Amino acid sequence: MSKLLWAGIVVIAACGGKQQAATGGGGEDGMSTMDKMMSESMTMSSDNGAEFGPLEIGADWATYVKMNTTPVSSETHGGRLVDTYVNPMGAAAYLDENAEIPIGTVLVKTSQEPDGSPGPLFVMEKKPPGFAPEQGDWYYAIHWAAPSAAWTKKLGGPIYWRTPSHRANYCFECHENYDRALGGVPEPQRIKSLPE
């Protein structure tokens, strides 16, 4: 009987640990998978797709269609609150779960840190066939012009990691698990129609 009880405790502890890590609050240092990836990326060798500069693709995100009605808590983006913006070219297809995403569609997720300060911008663009076939021809970028003091210490300053940099690989590794590689906005927070 005591062996059975001990086995049950081990199973419960193991499941609890997995659940905590999956919700972004777990791990020995309390960092989400996304935040660990960002920290670990600093030990990777430099490449042309990791040099900081002004945001290129998606710089005009404020003119895009905001796809959510309220900020969404996104565990896959470090547990940050995010807002999703899609350029006019792809907004209708983004809302229609059966539509193919047109080439030239740009998505930008703005994010907010727990203390309310701006977090990184997460960018995707659907490129022509052959751009990155192993990634569904999606371009990915993480741009953070003014990280918090704690993140500046970890990252060494502002970051701009983009395809084909290996530092942006985490984006695809996560997004390949979603329909059309989008991730989407939860139904209760998704806009119902495009603004006129």
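The values are calculated or read from the model by the stated rules, or taken from the named source; none is laboratory data. Fair warning: this is a prediction, and the values are worked out from it, not measured in the lab. Neighbour counts run over all protein chains shown; Cβ positions are idealised from the backbone, glycine included.
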(request) Could you tell me whether any residue of segment 164-172 is in a loop (DSSP other than H, G, I, E, B) and either without any contact (Cβ under 8 Å) to a residue 24 or more places away in the chain or farther than 15 Å from H77 by Cα (or both)? (result) yes
(request) Give me a count of the residues in segment 113-163 that are within 20 Å of L55 (Cβ to Cβ), surrounded by 16 or more Cβ atoms within 10 Å (Cβ to Cβ) and not polar (S, T, N, Q). (result) 25
(message) Given (1) in contact (Cβ under 8 Å) with a residue 60 or more places away in the chain; (2) closer than 30 Å to L95 by Cβ; (3) of a type outside the set (V, I, T); (4) out of contact with any Leu (no Cβ under 7 Å at 6 or more places or on another chain), identify the lone condition not met by G156.
(response) (2)
(request) Could you grab the pairs with beta carbons closer than 8 Å, sequence gap of 6+ or different chains, first residue in segment 46-58 and over 15 Å from G156 (Cβ atoms) and assigned by TED's automatic domain parsing to the domain that holds L107, second one surrounded by 12 or more Cβ atoms within 10 Å (Cβ to Cβ) and of a type in the set (D, E)? (result) I57/E125; G58/E125
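Out of V123, V185, V106, report the one residue that is within 15 Å of the chain's Cα centre (by Cα), over 16 Å from H77 (Cβ atoms) and not hydroxyl-bearing (S, T, Y).
Working: V123 fails: over 16 Å from H77 (Cβ atoms); V185 fails: over 16 Å from H77 (Cβ atoms).
That would be V106, the only listed residue that is within 15 Å of the chain's Cα centre (by Cα), over 16 Å from H77 (Cβ atoms) and not hydroxyl-bearing (S, T, Y).
For (1) modelled with pLDDT of 95 or more; (2) out of contact with any Pro (no Cβ under 9 Å at 6 or more places or on another chain), each residue gets a yes or a no:
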| residue | (1), (2) |
| --- | --- |
| S41 | no, yes |
| D47 | no, no |
| Y64 | yes, no |
| V72 | no, no |
| G78 | no, no |
| V86 | yes, yes |
| D96 | no, yes |
(request) For residues that are in contact (Cβ under 8 Å) with a residue 40 or more places away in the chain, under 30 Å from T152 (Cα atoms) and either touching a Pro at 6+ places or on another chain (Cβ under 7 Å) or not small (G, A, S) (or both), tally how many sit in segment 98-119. (result) 5
